Amino acid sequence: MEFRLGPLMERKKTGKPSRYRSLIFLMMKKTDEAYESDAFNKVERWKLFVERTTLAFSGACSGVIFYLALFPSFYYLTWIFFGIMLWAIVGAACLLQGIAMKAIARWKRVTLASLPANGFGFIIGMLVVVSLMVAFKLPLHASFLLARPGLEEALEQHNDDLSQVAYSSHNYGIYRFSKADRRCHHKDRVFFQFLHDGEAAIIYSESGIDELCYNSGSKGHLFGNWYWMKED
């Protein structure tokens, strides 16, 4: 008995595949290409999502650090905030970004030309700018400038009765004080103690703060006769 292959599997005398078989191979190739293209597009969308998420997370961390840096309390153990809350967390997020993309690419069976890098330079630049601003205490000086008119007004009006400072309607910017008093046996030295942090204060002193009687923490100069401190 003689069996003959169907037209799809026949070969011409030249040894080349028939046109039907070539057509099937071409259709299969296009199908594979379409599948790979679809998978690649899905991975690219995931890549964009991961990049934007990392960028948003880094911006949120920088925003938290900048807000905390508006108050004197931040400048005690500053480098712990930097090391843990900013650089370490954002660095870990960028590392996880690469791991996530490798996992997604393996899941979709697609080879990426490169790991997500869009926005990485912006993130580094943002961290450097925030770090420099905090190093020079620019946020603290800016927040004090908002409170200075109210502080000077309160000092002028309630110099003889500082207990009224916390209950007056003066505008202290973003600051809130629980009380004001004189300390360290200096009549010209007035401490404006923060409402939710009794160990931090804005100080008005015409004689400086070289002999400041407090548990050693951190202190510094703002403008004119104004200073800040944070106790240990």
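Residues that are touching a helix residue (DSSP H, G or I) at 6+ places or on another chain (Cβ under 9 Å), of a type in the set (A, V, I, L, M) and surrounded by 14 or more Cβ atoms within 10 Å (Cβ to Cβ) within region 143-177 comprise L151, A154, L155, L162, V165, listed in sequence order. Whether any residue in region 102-109 is of a type outside the set (S, T, N, Q), in contact with a Phe, Trp or Tyr (Cβ under 6 Å, 6 or more places away or on another chain), at pLDDT 80 or above and over 20 Å from L68 (Cα atoms) is what I want to check. No, there is no match, as no residue in region 102-109 is of a type outside the set (S, T, N, Q), in contact with a Phe, Trp or Tyr (Cβ under 6 Å, 6 or more places away or on another chain), at pLDDT 80 or above and over 20 Å from L68 (Cα atoms).
Listed here are the residues, each with its yes/no results for (1) in contact with a strand residue (DSSP E or B) (Cβ under 7 Å, 6 or more places away or on another chain); (2) farther than 17 Å from F71 by Cα; (3) charged (D, E, K, R).
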| position | (1), (2), (3) |
| --- | --- |
| A154 | no, yes, no |
| D160 | no, yes, yes |
| Y167 | no, yes, no |
| I174 | no, no, no |
| D181 | yes, yes, yes |
| R189 | yes, yes, yes |
| E206 | no, yes, yes |
| L222 | yes, no, no |
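Once region 41-86 is narrowed to residues that are aromatic (F, W, Y) and at pLDDT below 75, the residue that is farthest from L140 (Cα to Cα) is W46.
If you go through region 160-191 and keep only what is of a type in the set (G, A, S) and modelled with pLDDT under 85, you end up with S163, A166, S168, S169.
Filter region 110-122 down to residues that are in contact with a helix residue (DSSP H, G or I) (Cβ under 8 Å, 6 or more places away or on another chain), modelled with pLDDT under 70, more than 14 Å from F49 (Cα to Cα) and of a type outside the set (V, I, T), then give me how many there are. Residues flagged as in contact with a helix residue (DSSP H, G or I) (Cβ under 8 Å, 6 or more places away or on another chain), modelled with pLDDT under 70, more than 14 Å from F49 (Cα to Cα) and of a type outside the set (V, I, T) within region 110-122 amount to 1.
Output yes when any residue across region 217-227 is at pLDDT below 90 and in contact with a Gly (Cβ under 8 Å, 6 or more places away or on another chain), and no when none is. For region 217-227, residues at pLDDT below 90 and in contact with a Gly (Cβ under 8 Å, 6 or more places away or on another chain): absent.
The values are calculated or read from the model by the stated rules, or taken from the named source; none is laboratory data. As the structure is a prediction and not an experimental result, all values here were calculated from the model. In this analysis, Cβ positions are derived from the backbone assuming ideal geometry, glycine residues included, and neighbour counts consider all displayed protein chains.
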